[in-house]
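Taking it in order: structure first as structure tokens, then the write-up.
The values are calculated or read from the model by the stated rules, or taken from the named source; none is laboratory data. Given the structure is predicted, the values throughout are model-derived calculations rather than measurements. Note that we place each Cβ from the backbone using ideal geometry, even for glycine, and neighbour counts take in every protein chain shown. Please note that ligands, DNA and RNA were not included when accessible areas were found on the heavy atoms of the full protein model with its side chains. Shrake-Rupley method; radii C 1.70, N 1.55, O 1.52, S 1.80 Å.
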Amino acid sequence: QQQVRQSPQSLTVWEGETAILNCSYENSAFDYFPWYQQFPGEGPALLIAIRSVSDKKEDGRFTIFFNKREKKLSLHITDSQPGDSATYFCAATGYQNFYFGKGTSLTVIP
Amino acid sequence: EAAVTQSPRSKVAVTGGKVTLSCHQTNNHDYMYWYRQDTGHGLRLIHYSYVADSTEKGDIPDGYKASRPSQENFSLILELASLSQTAVYFCASSDQGGTEVFFGKGTRLTVV
């Protein structure tokens with residue numbers, strides 16, 4: 001059973017637009033949700049994260065919106081730049097093991 | 001800076017052969033992981049370890065063994081490599097109750 005689901009699988013936006021990446025999870029025990037960014041040929045790297053006690057986390061152009069009741073969260077990338085083109089993974093953890101979604105491939109067109 | 005180093009970075013193996021992927025971390029982390037990445041499947045956990053000399057099965061352990069001889073080193077072993085094990089493998093580490101998993105750069109394994 002897929003513990004963490006992401007949509008869309010791929011997303012293309014124009015430079016300057018807002019990209020919205022969606023994530024949902026199954027386990028109510030999950031309380032920490034990091035998003036990872038992966039460039040081709042590299043390992044994933046932590047981008048931004050949120051704890052379940054919060055409903056929003058901002059870091060520059062990146063914002064996580066979290067809905068605990070619906071077990072959903074989303075990553076908003078405002079003023080998207082070509083350098084944001086990457087694969088984004090939503091993850092969840094409750095104690096130790098991290099569960100990753102299948103990823104969203106984002107392409108930002110100049 | 002936290003560092004996870006994988007070797008080799010790429011490898012071509014023959015079906016039925018033995019493959020060992022190595023990982024070394026300088027983060028002083030207790031937890032280490034091996035993930036497999038395939039297009040359309042994201043990152044799937046193969047094995048993990050929270051202490052030296054002990055390993056645990058992840059979500060897809062079949063066909064893989066793991067070894068943690070020290071806190072710093074964690075190996076993934078394919079005793080009889082198969083075509084279906086062609087993938088990119090990532091090693092990672094985190095501290096206990098960690099909020100961040102640090103990944104290596106990956107090993108691209110091609111089984112022919």
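Summary of values
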item: Subset of segment B:17-31 [modelled with pLDDT under 95 and open to solvent by less than 30 Å² (accessible area, probe 1.4 Å)]; result: B:Asn27, B:His29, B:Tyr31
item: Some residue of segment A:35-54 being modelled with pLDDT of 95 or more, among the hydroxyl-bearing types (Ser, Thr, Tyr) and surrounded by 14 or more Cβ atoms within 10 Å (Cβ to Cβ); result: yes
item: Single unsatisfied condition, A:Lys71 versus (1) within 13 Å of chain B (Cβ to nearest Cβ); (2) farther than 23 Å from B:Tyr89 by Cα; (3) at pLDDT 95 or above; (4) in contact with a Phe, Trp or Tyr (Cβ under 6 Å, 6 or more places away or on another chain); result: (1)
item: Members of segment A:72-82 that are open to solvent by 60 Å² or more (accessible area, probe 1.4 Å) and within 17 Å of A:Pro34 (Cβ to Cβ); result: A:Lys72
item: Members of segment B:49-65 that are open to solvent by 40 Å² or more (accessible area, probe 1.4 Å) and either in contact with a Gly (Cβ under 6 Å, 6 or more places away or on another chain) or touching a residue at least 12 places away in the same chain (Cβ under 8 Å) (or both); result: B:Tyr50, B:Val51, B:Asp53, B:Thr55, B:Asp59, B:Ile60, B:Gly63, B:Lys65
item: Verdict on A:Gln2 being more than 11 Å from the chain's Cα centre (by Cα) and not charged (D, E, K, R); result: yes
item: Residue that is farthest from the other protein chains (Cβ to nearest Cβ), among those in segment A:95-109 that are aliphatic (A, V, I, L, M) and surrounded by 18 or more Cβ atoms within 10 Å (Cβ to Cβ); result: A:Val108
item: Some residue of segment A:56-65 being open to solvent by 40 Å² or more (accessible area, probe 1.4 Å), within 14 Å of another protein chain (Cβ to nearest Cβ), more than 26 Å from B:Ala3 (Cα to Cα) and modelled with pLDDT of 95 or more; result: yes
item: Out of B:Thr86, B:Thr55, B:Thr99, sole residue that is over 10 Å from the mean Cα position of the chain (by Cα), under 24 Å from A:Asp31 (Cα atoms) and of a type outside the set (Phe, Trp, Tyr); result: B:Thr99
item: Test: residue in segment A:83-94 that is aromatic (Phe, Trp, Tyr), within 14 Å of chain B (Cβ to nearest Cβ) and surrounded by fewer than 24 Cβ atoms within 10 Å (Cβ to Cβ); result: no
item: Top-ranked residue in segment B:31-54 [being of a type in the set (Gly, Ala, Ser) and more than 17 Å from A:Ala91 (Cα to Cα); ranked as nearest to the other protein chains (Cβ to nearest Cβ)]; result: B:Ser49
